[in-house]
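One structure is given below, encoded as structure tokens.
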Protein chains: 2
Amino acid sequence: MNADDRPPEGEFELISRLAPFLASDGEGLPVGHGDDAAVLDVDGRQVCVAVDVLVEGVHFRRDVSTLEDIGWKAVAVNCSDLAAMGSQPTAAVVGLCRPRDVPVAEIQRLYTGMGEACARWGLRLVGGDTVAADALALSVTVLGDIPGGRPVRRSGARPGDALLVVGPLGAAAAGLALATGGAATDHEGPEAATLLAAHRRPVALVAAGLELAARGATAMIDVSDGLGADLGHVCSASGVRARLRAAALPIPDAVRFVAARSGLDPLELACGGGEDFALLAAVPAASAGAVAEAAGEADGVVAAVVGEVLEPGDGPAAVLVLADGTERDVSDLGFDHYLR
Amino acid sequence: MNADDRPPEGEFELISRLAPFLASDGEGLPVGHGDDAAVLDVDGRQVCVAVDVLVEGVHFRRDVSTLEDIGWKAVAVNCSDLAAMGSQPTAAVVGLCRPRDVPVAEIQRLYTGMGEACARWGLRLVGGDTVAADALALSVTVLGDIPGGRPVRRSGARPGDALLVVGPLGAAAAGLALATGGAATDHEGPEAATLLAAHRRPVALVAAGLELAARGATAMIDVSDGLGADLGHVCSASGVRARLRAAALPIPDAVRFVAARSGLDPLELACGGGEDFALLAAVPAASAGAVAEAAGEADGVVAAVVGEVLEPGDGPAAVLVLADGTERDVSDLGFDHYLR
């Protein structure tokens with residue numbers, strides 16, 4: 001996109017200008033707009049709901065991902081939103097925009113991928129709408145239960161809480177760089193396959209999210225915009241600041257390897273790359289190590305205590321402490337489709 | 001669209017080829033795919049869910065409808081799906097595809113229309129996703145309760161039941177013809193305004209749907225594809241045939257007037273026009289007149305006993321008996337975006 005094509009505002013600005021049209025928390029609505037998902041009260045039962053739209057050319061490319069991958073991802077990104085609330089996905093519906101030149105067999109491949117993701121996370125694809133359009137796009141809505149009875153908000157982080165990251169950081173961004181030729185390295189090794197899969201078949205950490213909710217997480221968000229921006233969202237919602245330690249971030253060796261070969265900064269990939277669908281949670285400091293371990297084990301992924309929640313005050317909401325002790329503002333470092 | 005651009009199958013064919021990928025009725029899923037909406041069981045509470053996608057140039061035109069109208073319609077069409085299950089809408093989420101040249105102020109007009117529709121039917125817009133795309137499109141998912149505890153399916157019609165239509169037929173099609181110049185008549189009179197509104201601001205008959213469910217409707221569908229096609233869906237799902245009486249159909253005088261002036265067949269507008277969002281229901285014959293009256297009163301619209309459900313057998317699933325006693329097959333007469 002050329003700079004001249006850019007609208008004057010980014011996605012976050014757009015969201016803020018649409019917020020007045022959306023319902024806030026209230027009677028029958030334990031969680032309104034502004035979190036990873038909304039939560040409705042249905043006669044005393046909580047129902048979690050999230051929607052994400054993937055558009056060809058903006059969110060996926062058919063030369064980078066298979067149609068099965070794209071279907072998988074459309075479900076996975078919503079499951080990740082629910083995971084960040086401590087919700088177990090139960091059902092999905094899909095609104096599909098189908099260009100006339102895409103044969104039914106290819107649409108069936110999208111549905112195959114959606115079905116694989118639904119099987120992976122224990123939900124069912126219960127319906128949808130398929131319409132003619134010029135561009136291929138999927139709008140998936142996922143519903144879920146809150147087994148613990150208490151959704152985990154972005155807004156509950158308290159000064160003194162420890163910050164955890166569950167799941168590897170930077171892998172999806174490194175995988176996308178590999179897939180699109182932005183990383184000049186061997187695409188064949190097992191590390192490359194892992195990174196490419198992180199982009200093409202992201203894993204929603206549903207079991208980890210349930211574990212974190214059960215173990216008293218005070219705030220949670222999925223890392224979809226980039227760790228820096230997403231921590232910024234938590235700080236803003238909770239009215240706190242936060243500090244991350246660069247050395248503690250769970251950045252896989254493969255990400256560092258690709259970054260080194262390609263002249264990319266692994267911290268940029270980890271903090272600003274987006275789409276890792278790791279979970280970032282605030283938890284009571286006393287139990288942080290044990291909670292991180294349990295959450296990582298729940299989904300078989302890395303997990304680490306990466307920082308702490310600070311009192312509100314002046315200065316950037318979220319900073320990253322580098323190895324040399326200097327601090328870097330990361331609260332605006334994120335992934336924003338509108339500004340790309 | 002040129003004939004050469006057409007895919008080999010219509011929307012109904014596509015739906016049938018995607019059906020194997022969707023969940024059927026089963027444990028925890030009182031109503032799976034294939035009805036107006038799905039119904040989930042959430043710890044004993046039923047949650048109804050439907051999704052509809054509207055795409056610019058396919059489902060709406062900005063020179064025919066305002067952005068507020070388009071937002072309204074995106075919510076209304078889903079509320080109509082829920083109405084046809086006997087469900088009360090409670091919440092909506094929206095996935096919005098936004099071209100870069102559409103200013104935020106215009107997106108806010110879409111949200112204003114969605115908000116007006118949500119206020120009209122007592123639901124809340126609780127969240128969404130807004131992404132960059134080349135075409136303007138809205139994918140709205142609506143959730144609802146089933147106050148009567150029993151969703152009304154397409155599949156429950158029994159031979160001997162009476163068929164009711166609640167709400168006027170042909171008005172939306174006549175309004176679209178007026179708006180797009182396909183009807184050569186005066187656009188200024190009160191009748192024209194009513195017909196244009198039927199296209200631009202369709203009314204979901206939620207109160208009527210609840211009334212029909214409470215009064216024992218055995219099957220129900222909203223008339224979105226055209227009365228003939230939608231009755232065909234009910235016959236297919238219920239394993240029955242059906243007969244409609246042309247003289248009994250609630251076709252407003254304004255529709256007949258526009259049709260007469262424009263060389264259109266009012267029965268074609270009423271049976272094949274689509275998008276009326278009337279309700280078609282099967283009810284026990286003994287109480288049909290009283291049920292029709294109560295359902296019409298619930299939403300302040302016309303309602304009529306229009307035919308009867310027949311035993312399965314040879315011949316077309318749905319026929320229309322004309323004034324001269326001849327029968328016409330209407331089960332394939334409907335609205336199919338892919339074949340337009």
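None of the figures in this text is laboratory data; all of them are computed from the coordinates on show. Only a predicted model underlies this, so the values are computations on that prediction, with no experimental measurement involved. Glycine also receives a Cβ, built like all others from the backbone with ideal geometry; neighbour counts cover every protein chain displayed.
Which three numbers, in whole Å and largest first, are the semi-axes of the equivalent ellipsoid of the protein assembly as shown derived from its Cα gyration tensor as √(5λ)?
After scaling each eigenvalue by five and taking roots: 48, 25, 22 Å.
Which whole-number percent is the relative contact order of chain A (Cα, under 8 Å, 6+ apart)?
Relative contact order here is 22 percent.
Could you check how many percent of all C-alpha pairs in chain B are farther apart than 27 Å?
Above the 27 Å cut-off, chain B has 43 percent of its Cα pairs.
Which whole number in µm²/s is D for segment B:273-338 by Stokes-Einstein, with the Kirkwood Rh taken over Cα pairs at 10 °C and 1.306 mPa s?
Details: Rh = 14.2 Å.
My calculation gives 112 µm²/s for D.
Restricting to DSSP H runs of at least four residues, report the calculated mean residue ellipticity at 222 nm for the protein assembly as shown, -39500 (n - 2.57) per run over all residues, nearest 500 deg cm²/dmol.
Using -39500 (n - 2.57) per qualifying helix, the result is -10000 deg cm²/dmol.
Determine how many Å³ per residue the convex hull of the Cα atoms of segment A:129-215 encloses.
So the per-residue hull volume is 194 Å³.
Most mobile of B:139, B:16, B:80 per a Gaussian network model of chain B (Cα springs, under 10 Å)?
Its mean-square fluctuation being the largest, the pick is B:16.
Multiply the residue separation of residue A:321 and residue A:116 by 0.36 nm, subtract the distance between their alpha-carbon atoms, and state the gained length in nm to one decimal.
69.8 nm
What does the charge count around residue A:72 come to, taking other residues whose C-beta lies under 12 Å from its C-beta (Lys +1, Arg +1, Asp -1, Glu -1)? All intermediate terms of the calculation are to be shown ahead of the outcome.
Values: positive: A:73, A:109, A:120, A:200, A:201; negative: A:68, A:69, A:116.
Net of charged neighbours comes to +2.
If N is the number of residues in segment B:65-190, what value comes out of its Cα radius of gyration divided by 2.2 N^0.38 Å?
Expressed relative to 2.2 N^0.38 Å, the Cα Rg reads 1.28.
Compute for segment B:186-310: radius of gyration divided by Kirkwood radius, i.e. Rg/Rh, restricted to C-alpha atoms, rounded to two decimals. Intermediate values should be presented prior to the final figure.
Working: Rg = 14.7 Å, Rh = 15.2 Å.
So for segment B:186-310, dividing Rg by the Kirkwood Rh gives 0.97.
Could you grab the Rg to Rh ratio for segment A:124-180? Cα atoms only, Kirkwood for Rh.
1.10
P(r) tail for segment B:3-138, what percent of Cα pairs lie past 20 Å?
The proportion of pairs with Cα distances above 20 Å equals 54 percent.
Within a 10 angstrom radius of each residue's Cβ in A:21-31, how many Cβ atoms of other chains show up on average? Whole number is fine.
Mean shielding by partner chains, rounded to a whole number: 4.
What are the label-to-label distances in nm, one decimal and shortest first, from residue A:43 to the same spot in the other copies, with labels 7 Å along Cα to Cβ?
1.3
Between B:113, B:125, B:164, whose Cα lies farthest towards the positive end of the dipole of segment B:102-191 when Lys and Arg beta carbons carry +1 and Asp and Glu beta carbons carry -1, centred on the Cα centre?
Result: B:164, furthest along the dipole toward the positive end.
So what is Rg over Rh here for segment A:184-248, counting just Cα atoms and using Kirkwood for Rh? Mind showing how you got there, number by number?
Working: Rg = 15.6 Å, Rh = 14.6 Å.
Using only Cα positions, Rg/Rh for segment A:184-248 is 1.07.
Test of the criteria: in segment A:250-340, which chymotrypsin sites (Phe, Trp or Tyr not before Pro) are in a DSSP loop and have at most 11 other Cβ atoms within 10 angstrom of their Cβ?
Those that pass, being in a loop and sparsely packed, number zero.
Normalised by the residues of segment A:4-75, what does the relative contact order come to in percent, with Cα pairs under 8 Å and at least six apart?
For segment A:4-75, the relative contact order is 14 percent.
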